[in-house]
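So the structure is just underneath, and the comments pick up after that.
The values are calculated or read from the model by the stated rules, or taken from the named source; none is laboratory data. Note that the coordinates shown come from a computational prediction; the quantities given were computed from them, not determined experimentally. Please note: Cβ atoms are built from the backbone with ideal geometry, for glycine as well, and neighbour counts cover all protein chains shown. We work out accessible area using only protein heavy atoms, side chains counted, and drop any ligands, DNA or RNA first. Shrake-Rupley method; radii C 1.70, N 1.55, O 1.52, S 1.80 Å.
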Amino acid sequence: MMPKITRITTQKKHKDRYNIFLDDGGGEKYGFSVDESILVEYRLRKQMELDDSTVTVLIQKDTLHKHYTLAINYLSYRMRTKKEMRDYLVQKEVDEEHISQIMKKLNEEGLTDDREFARSFVRTRMNTSSKGPILVRQELLQKGVAEELASEAVAIYSFDVQFEKALKLAEKNLRSNSKKSFRQQVQKMQGTLMQKGFTGDVVKEVTSELQNQKDDDAEWEALVKQGEKLLHKHRQKYSGFQLSQKVKEALYRKGFTIDLINTFLDEYMEQ
């Protein structure tokens, strides 16, 4: 006897899903569940007979629909690259055949567009992070965006935007290292900007701008603090010319200029 639909009920937790009950001659029992769209497509109703092959097709169709819904839900939080979507479906143990069908459908619907994803990602990073374009490009590549598309998107990150962001970061960096010589501060700042992914041209321009902002009073204050510590440290072993040379060498290594060091020694060696 061919199985016949005896009852169709709405699921309590999912109102758009339906439980199908069948009777193959041995009494009513649960058969399978389907989404509303499949119920309508196949016009499922009470007393309708279903052969085994049709039941198999309905279950496969419903499984595919559930996996597609899973993909749509994953996209609801933010845009995804094709690689991210495929990796997610693999993680959810979706059959490869279904993954291919879902990826094709998402692509046709314009829901997985790596070019648009890359552009949106770059704009977001520009507005919400301190990362330069080199790091942003690396992030895109890690997410599976092709090199050509990543490079194209990063072009949005203009020199002027880079410079403004890098300069703010550099000024903050200088303030946090104000006890060091200006040269040391600049070297540390340059390293920070390179690590953040800013281009060499931008770092060079920011350095030039900061040179114009150099605070001579702050530089002198930093040298005096460092110099006094060195004098106190080396006076226990040295005096006169030897003491002067030890302090001079140490201050020079810390990035202070010879003229400023000599001025300090002239004033403080006499004390």
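Odds and ends about this structure:
- Where the stretch 58-107 is the region considered: accessible area per residue in Å², 1.4 Å probe: 61 Å²
- Summing Cβ point charges (Lys, Arg +1; Asp, Glu -1) relative to the Cα centre of the stretch 24-135 gives a dipole of roughly 960 debye.
- Lysines whose Cα lies under 28 Å from that of Lys246, excluding same-chain neighbours fewer than 8 positions away: Lys179, Lys180, Lys188, Lys214, Lys225, Lys229, Lys233, Lys237, Lys254
- Over the stretch 1-84, the ratio between the Cα radius of gyration and 2.2 N^0.38 Å evaluates to 1.30.
- Fraction of the pair-distance distribution of the chain above 32 Å, Cα-Cα pairs, percent: 57 percent
- Sum of -39500 (n - 2.57) over DSSP H runs of 4+, divided by residues of the chain (222 nm, nearest 500): -20500 deg cm²/dmol
- For the stretch 29-47 versus the stretch 136-174, the gap between their alpha-carbon centres in whole angstrom: 51 Å
- Taking every alpha-carbon pair within the stretch 32-180, the share separated by more than 20 Å comes to 62 percent.
- The residue list Ser158, Thr56, Tyr238 was ranked by how far each Cα lies along the charge dipole of the chain toward its positive end, using unit charges on Cβ atoms, and Tyr238 comes out on top.
- Globularity index of the stretch 70-151, i.e. its alpha-carbon radius of gyration over 2.2 N^0.38 Å: 1.14
- Size of the stretch 151-197 as Cα extents on the principal axes (Å, biggest first): 41, 16, 13
- Accessible area in the full protein assembly, largest first, 1.4 Å probe, for Val34, Val40, Val154, Val161: Val40, Val161, Val154, Val34
- Scattering curve values for the stretch 76-124, log₁₀ I(q)/I(0), Debye with Cα scatterers, q = 0.17, 0.18, 0.24, 0.26 Å⁻¹: -0.51, -0.56, -0.90, -1.00
- Annotation: Ile134 carries an accessible surface of approximately 80 Å², with a 1.4 Å probe and no ligand, DNA or RNA atoms counted.
- Phi-based couplings in Hz for the stretch 159-165 (Karplus 6.51, -1.76, 1.60; Gly and Pro marked x): 4, 4, 5, 4, 4, 4, 5
- Rounded percent of accessible protein surface that carbon and sulfur make up, the stretch 122-253, 1.4 Å probe: 47 percent
- Relative to the Cα centre, the charge distribution of the stretch 114-186, modelled as +1 at Lys and Arg Cβ and -1 at Asp and Glu Cβ, gives a dipole magnitude of about 640 debye.
- Placing +1 on each Lys and Arg Cβ and -1 on each Asp and Glu Cβ, with no other charges, gives the chain a dipole about its Cα centre of roughly 1040 debye.
- Accessible surface of the stretch 29-88, 1.4 Å probe, proportion on carbon and sulfur as whole %: 53 percent
- Unit charges at the beta carbon, dipole of the chain: most positive-side option, Leu193, Leu260, Ala118: Leu260
- Two-site label geometry, Thr54 and Gln211: point separation in nm, points 7 Å out along Cα→Cβ: 8.4 nm
- Largest first, the residues Tyr238, Tyr74 sort by 1.4 Å accessible area into Tyr238, Tyr74.
- Scalar couplings 3J(HN,Hα) for the stretch 142-150, obtained by applying the Karplus form with A = 6.51, B = -1.76, C = 1.60 to θ = phi - 60°, are 5, 7, x, 6, 4, 4, 4, 5, 5 Hz; x denotes Gly and Pro.
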